[in-house]
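Readers should treat all values here as calculations from the given coordinates under stated rules, not as data from a laboratory. Bear in mind that the values here come from a model prediction, so they are computed numbers and not experimental data. Heads up, the Cβs are rebuilt from the backbone with ideal geometry, glycines too, and the neighbour counts pull from every protein chain shown.
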Amino acid sequence: MRYAAGVDVGGTNIECGILDAQGSILLKRKMPTRPDSGAEDILQRITATLERLYAEAGVAAQDIAVIGLGIPGLVDPEVGMSLRAVNLNWIQVPVAAMLRELTGKPVFIDNDVRMYTYGEAVAGAGRGYEYIYGITIGTGLAAAYVQRGGIYRGHRFLAGEIGHIPVNPAGITCGCGRTGCLETIVSATGIARQARTRIVQGEHSLLRERFADVEDIRASDVSRASREGDGLSRDVLERTGRELGRALSWVVPILAPDVIIIGGGGALAGEDLTGPMRQEMNARLLQDYAGRTAIRYAALGDDAGVIGSGLWALSQLNK
Ligand SMILES: [Zn+2]
């Protein structure tokens, strides 16, 4: 039996898992990233965690064929280098070579959203589809495109960052330093901020009664209040969904995906967000496109990154 290790490196936590060739996780573990400790320390801790997992899962180390790693930011998967990961303070880190040195295994790396989407494409909500566009609505908004089992990366591996398309010149300043980027609206951060701003401006909302300090309001609170009939929350999700639908109406004619998979914490808003999104997208599309792209919620939850990394690495072994 052949197994893979999949590792999903985030700015806060790292998930390590062992999976079989079908993408079933045998065992996984979460640990804090502690980015300040540096790349060498992080990769050493990943190595130690994986070795413990092999032992606990009863898998001989030599049966682990390969390790796949999803990391945030800009990645050169061909040389296995993290080009820039802002929240890890990594610039030009030869991640694959370092981890190969520590573990003695082949290592394949790519951007975390690409690994996430690959996992969903092969073992999750994208099964049965060929052209899978995955978006994650989390702290930011990111996207990846998997076509017929391959990951589309574009020139200099730059494809995907739809979150930083400016959509509102009168909007707020984005984390990237520019104004009115799509992710200032379409992200968990953006959803919470829209609700907070409107409450501070005096609009009525259930959330106003529920939170003494508006700064404590999270996107998940907005989603819950919307389901409970709160008008402001519902309106925030509707506007967010429409903005996303507008962006997707540009994506669909360019890439012609047969499915769009919505993941990340923002996906918890469910139909209150995806309903207006679908409506806006289809209203803007040419008839040949409208209504022909399936919309699915991500099915693997937090496991998508680990599964995608491991399965992608396995798929690269024989190349
Ligand atoms: Zn931006």
Quick calc, segment 125-298, dipole around Cα centre from Cβ unit charges on Lys, Arg (+) and Asp, Glu (-), nearest 20 debye, gives 440
Using the Kirkwood radius over Cα pairs of segment 1-135, the Stokes-Einstein translational diffusion coefficient at 20 °C and 1.002 mPa s, in µm²/s and rounded to a whole number, is 142
Residue separation between Q316 and R284 times 0.36 nm, minus their alpha-carbon distance, gives in nm 7.7 nm
For K319, the lysines lying under 22 Å Cα to Cα, once residues fewer than eight places off in the same chain are dropped, come out as K105
Mean-square fluctuation maximum in Gaussian network of the chain, Cα pairs under 10 Å, restricted to D258, D302, D288, hits D288
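If you place +1 on the Cβ of every Lys and Arg and -1 on the Cβ of every Asp and Glu, how big does the dipole about the Cα centre of the chain come out, in debye to the nearest 20?
Computed about the Cα centre, the dipole is about 400 debye.
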Expected sort for 169-175, 38-44 on mean C-beta neighbours within 10 Å, highest first, is 38-44, 169-175
Distance in Å, no decimals, from the C-alpha centre of segment 275-315 to the one of segment 168-242 is 23
Protection proxy (average C-beta count within 10 Å per residue), highest first, orders 209-219, 306-316, 46-56, 261-271 as 306-316, 261-271, 46-56, 209-219
Percent of all Cα-Cα pairs per 20 Å bin for the chain, counting from 0 up to the last occupied bin, reads 32, 55, 13, 0
